[in-house]
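Peer 1: The structure that follows is given in the form of structure tokens.
The values are calculated or read from the model by the stated rules, or taken from the named source; none is laboratory data. Just so we're clear, the structure is a prediction, and the values are computed from it rather than from any experiment. All Cβ positions, glycine included, derive from the backbone under ideal geometry; neighbour counts span all protein chains shown. With ligands, DNA and RNA removed, areas are computed over all heavy atoms of the protein, side chains included. Shrake-Rupley method; radii C 1.70, N 1.55, O 1.52, S 1.80 Å.
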Amino acid sequence: MATVLEGTKIEEKKLQSLIESAIDRALIDGALMRTKENPGSSVVVNHSPFALFPSVVPQSLMEKAKGIQKSFNLLMHRVSHDHHFLEQALQNVIKVDDFTRRLWNIYNTVREEGFKQPVSLGLFRNDFMMDTKKVERNEDCSLSQIGENAQLKQIEFNTIASSFAGLVGALSDVHRYTIAKSKVKYTKNQLPGNDPALGLCRGMVKAWQHYGNKNAAILFVSSVPERNRMDHIWMEKKISDIDLSIDVVYCNLSSLSSNMSLSPDKKLFVNNAEIAVVYYREGYSPDHYPSQKEWDARLTIERSKAIKCPTIQYQLAGTKKIQQELARHGAVEKFLSDEKEANKIRTVFAGQYSLDLNPDGDRNAEMAINNPGDYVLKPQREGGGNNHYDDEIKTLLSDLKNDEARAGYILMEKIYPWVQKNYLIKVGESSVLREVVSEIGVYGTILGSADDVLENEEVGHLMRTKFLGVNEGGVNTGYSCLDTPFLIE
Ligand code: ADP
Ligand code: MG
């Protein structure tokens, strides 16, 4: 079974002491989360869940994931500016999915009024798994044999609130420590440096500079209470590492409705501070809009001159439905004229199928009902815990036969990620060596208008690792642990 510890034995007593010192290390490095019991407290924090050792990733897969990020950034940027494509792709979803429809209505209102800020900022994260469906999975396979045959497959592209860039940067030091203490032989390149929060914040500062008012602040739209607050604080810190003069203000959507105003020339003010950039860390889930006032706040922001990260059209471009539509033959090529880049993107797509109420959708639904274990059924939601698996797929799709609500979902081929072994360190749980699977994320930034791209970068990576057999993902939701890659040839 693949593990970075291959050939290295750790005695139980030594292991317990290593876990304790790794936790201490995570605490001083700042891989922190607020607690479930006290999510609003600024004095009670704990370490975020993390994998004791980094997980093995073939260097070629990591290079591929990072190498296509700029093309993906550009693809999603262009998709978000193509009104016709968005409308065609989302028309059946917005008929049946209230949340997407409300986002769409804001987009349409602002589009008809005319966008007051042509430039948008994308702080994206592209998530992948290492698919081993085509690999002979027997115990005798060496790491490099499996690695050579594992394929990089995209899980989803996040355009809003791409998180953990701060916490994962802090974890690099923890993993250098645990690897060294366990006497695993490695070279420096196998644990690559990683500071995605700094890269994302460089994008944010570029947007702030583009706005052009040195006295204007950056607004973090952030839930209260928020367990992942420390990841936001990391972002704030990285902004000040770049330029100490930039003010960051925090506010949630509910409070913004009373704190915020627009000047006649559409400048955005929060408590009298002019806002240059709006960075959303909430707003991606219906739970963030408990009443009309949160929707009104969102509309006000979209109407403003502030640079939005993301704009409402980036958020729409990040829906599962758009991902499925981009997997159609020729769709990527419509946006990227470079055939080689379009091909590279296409190779990471898993099978994705529409469930619109037409003969094609009927066939796809039938295919999933007959073999539910081969698919994941996804609604238009973000943040983990929303997908359907196995018998649930069968029941749901049978119930939705002839129901337009089916078009609110998409069907995705199930990925069978490379199984490794690791210790997952979670507060209040004991850690034993267990089978785990990982998801790789690559962060990217893009700043530009419909016609002009000013910045386009790949800025670092994330790994999240969970026990084998757990369907869902997400660190906030408690399924996954933070992790980093250990690269092998
Ligand atoms: P969300 O927006 O909720 O994060 P995702 O599409 O990322 O939605 O799905 C959540 C989790 O479900 C992922 O982190 C991954 O662990 C699992 N998952 C999603 N799609 C697949 C797939 N095609 N095959 C296997 N697991 C998947
Ligand atoms: Mg996800």
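Peer 1: Quick check on this structure: which one of VAL56, VAL135, VAL79 is in the same structural domain as VAL278 (by TED's automatic domain parsing), open to solvent by less than 40 Å² (accessible area, probe 1.4 Å) and at pLDDT below 95?
Peer 2: On the way: VAL56 fails: at pLDDT below 95; VAL79 fails: at pLDDT below 95.
Just a single option satisfies the conditions, and that option is VAL135.
Peer 1: So, in segment 292-312, of the ones that are touching a residue at least 12 places away in the same chain (Cβ under 8 Å) and polar (S, T, N, Q), which residue ends up most open to solvent (accessible area, probe 1.4 Å)?
Peer 2: Our first condition is that a residue be touching a residue at least 12 places away in the same chain (Cβ under 8 Å); within segment 292-312, this holds for 293-312.
Add one more test, that the residue is polar (S, T, N, Q), and what stays is 300, 304, 311.
Numbers: THR300: 37, SER304: 0, THR311: 11 Å².
Out of the qualifying residues, it is THR300.
Peer 1: Is it the case, given these coordinates, that MET130 is on the phi < 0 side of the Ramachandran plot, within 16 Å of ligand 1 (Cβ to nearest atom) and surrounded by 21 or more Cβ atoms within 10 Å (Cβ to Cβ)?
Peer 2: So MET130 fits the description; yes.
Peer 1: Can you tell me which residue in segment 344-390 is nearest to ILE415 (Cα to Cα), limited to those that are under 27 Å from the mean Cα position of the chain (by Cα) and basic (Lys, Arg)?
Peer 2: LYS378
Peer 1: Just one of THR445, THR465 is under 25 Å from ALA31 (Cα atoms), open to solvent by less than 50 Å² (accessible area, probe 1.4 Å), more than 16 Å from ligand 2 (Cβ to nearest atom) and of a type in the set (S, T, N, Q); which is it?
Peer 2: THR445
Peer 1: Can you name the residue in segment 417-432 that is more than 16 Å from ligand 1 (Cβ to nearest atom) and touching a residue at least 60 places away in the same chain (Cβ under 8 Å) and, of all such residues, is most open to solvent (accessible area, probe 1.4 Å)?
Peer 2: Within segment 417-432, the match that is most open to solvent (accessible area, probe 1.4 Å) is VAL427.
Peer 1: Checking ILE28 against (1) modelled with pLDDT of 95 or more; (2) closer than 26 Å to VAL57 by Cα; (3) not small (Gly, Ala, Ser): exactly one of these is not met. Which one?
Peer 2: (2)
Peer 1: Which strands (runs of 3 or more DSSP E) does segment 432-489 wholly contain that include 2 or more residues that are at pLDDT 95 or above and under 18 Å from the mean Cα position of the chain (by Cα)?
Peer 2: Correct list: 434-448, 453-467, 481-483.
Peer 1: Now, a different point. Provide a single number: the residues in segment 153-205 that are open to solvent by 10 Å² or more (accessible area, probe 1.4 Å), part of a loop (DSSP other than H, G, I, E, B), within 16 Å of ligand 1 (Cβ to nearest atom) and among the β-branched types (Val, Ile, Thr).
Peer 2: Counting residues in segment 153-205 that are open to solvent by 10 Å² or more (accessible area, probe 1.4 Å), part of a loop (DSSP other than H, G, I, E, B), within 16 Å of ligand 1 (Cβ to nearest atom) and among the β-branched types (Val, Ile, Thr) gives 1.
Peer 1: Condition check: among the polar types (S, T, N, Q), assigned by TED's automatic domain parsing to the domain that holds LEU121 and within 16 Å of ligand 2 (Cβ to nearest atom). Does ASN213 satisfy that? Steps first, answer last, please.
Peer 2: Details: among the polar types (S, T, N, Q): yes; assigned by TED's automatic domain parsing to the domain that holds LEU121: yes; within 16 Å of ligand 2 (Cβ to nearest atom): no.
The answer is no for ASN213.
Peer 1: Given the conditions (1) more than 12 Å from ligand 1 (Cβ to nearest atom); (2) surrounded by 17 or more Cβ atoms within 10 Å (Cβ to Cβ); (3) charged (D, E, K, R), which single one is not true for GLU439?
Peer 2: (1)
Peer 1: Could you list all residues from segment 381-402 that are at negative phi, within 13 Å of ligand 2 (Cβ to nearest atom) and of a type outside the set (Lys, Arg)?
Peer 2: GLU382, ASN386, ASN387
Peer 1: Any residue at all in segment 11-29 that's assigned by TED's automatic domain parsing to the domain that holds GLY193, open to solvent by 10 Å² or more (accessible area, probe 1.4 Å) and of a type in the set (Gly, Ala, Ser)?
Peer 2: Yes, because at least one residue in segment 11-29 is assigned by TED's automatic domain parsing to the domain that holds GLY193, open to solvent by 10 Å² or more (accessible area, probe 1.4 Å) and of a type in the set (Gly, Ala, Ser).
Peer 1: Shifting gears a bit: Can you tell me which residue in segment 468-486 is nearest to ligand 2 (Cβ to nearest atom), limited to those that are among the aliphatic types (A, V, I, L, M) and either out of contact with any strand residue (DSSP E or B) (no Cβ under 9 Å at 6 or more places or on another chain) or open to solvent by less than 20 Å² (accessible area, probe 1.4 Å) (or both)?
Peer 2: Within segment 468-486, the match that is nearest to ligand 2 (Cβ to nearest atom) is VAL475.
Peer 1: Which condition from (1) in contact with a helix residue (DSSP H, G or I) (Cβ under 9 Å, 6 or more places away or on another chain); (2) within 16 Å of ligand 2 (Cβ to nearest atom) is the one that VAL453 breaks?
Peer 2: (2)
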